[in-house]
Amino acid sequence: MLMGLDRRRKMLGYLRRVNYNTFENTCKQLDIQYSPPQPYTRRVTKRWLVKKALCIKVFEEKQKLKAAVRLKQRRERQARARAAREQQEKQVQERQTQEGTLV
């Protein structure tokens, strides 16, 4: 009997995913109240908590290391942009002085 109930539950779950209207009609005709299975929940153990804490610690340390690298890269980009801007301003000034001498 339990195997039959399990088979029916699986078929209803499949029917619910594939064709919901047919699923609703079937439940009404059979006078069944379908309840979806409970989501999987992990048993919280000390080992799991310690492992999770370690993973979080490692992740935070890695983020700190990445932050230092990102800061260095950002400063390098800003320095390059500043140098390019200064060079462009210098070229503009040189053109203006050349135009002034030609006139």
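The values are calculated or read from the model by the stated rules, or taken from the named source; none is laboratory data. Worth saying up front: this structure is predicted, and the values here are computed from it rather than measured. Using ideal geometry, Cβ is built from the backbone for each residue, glycine included, and neighbour counts are taken over all protein chains shown. Note: accessible area is taken over every heavy atom of the protein model, side chains too, but ligands, DNA and RNA are not part of it. Shrake-Rupley method; radii C 1.70, N 1.55, O 1.52, S 1.80 Å.
Between the helical axis of 2-18 and the longest alpha-carbon principal axis of the chain there is an angle of about 40 degrees. Dipole size of the chain about its Cα centre, with +1 on Lys/Arg Cβ and -1 on Asp/Glu Cβ: approximately 860 debye, rounded to the nearest 20.
P(r) for the chain, from all Cα pairs and a bin width of 5 Å, is 2, 9, 8, 8, 6, 4, 5, 6, 7, 7, 6, 6, 5, 5, 4, 4, 4, 2, 1, 1, 0 %, short bins first.
Working note: Karplus 6.51/-1.76/1.60 with θ = phi - 60° gives region 24-40 the couplings 4, 4, 4, 5, 5, 5, 8, 6, 10, 9, 7, 10, x, x, 5, x, 5 Hz, where Gly and Pro are set to x. Using a probe of 1.4 angstrom and keeping all protein chains present, the accessible surface of the chain works out to 101 square angstrom per residue. Shape verdict for region 1-41, please, from the Cα gyration tensor: rounded (a/c under 1.5), prolate (a/b greater than b/c) or oblate. Verdict is oblate for region 1-41. Taking the longest Cα principal axis of the chain as reference, the axis of helix 46-102 is set at about 30 degrees. Across the chain, where is the longest run that never hits trypsin sites (Lys or Arg not before Pro) in a DSSP loop with at most 11 other C-beta atoms within 10 Å? Within the chain, the longest run free of exposed trypsin sites (Lys or Arg not before Pro) spans 44-103.
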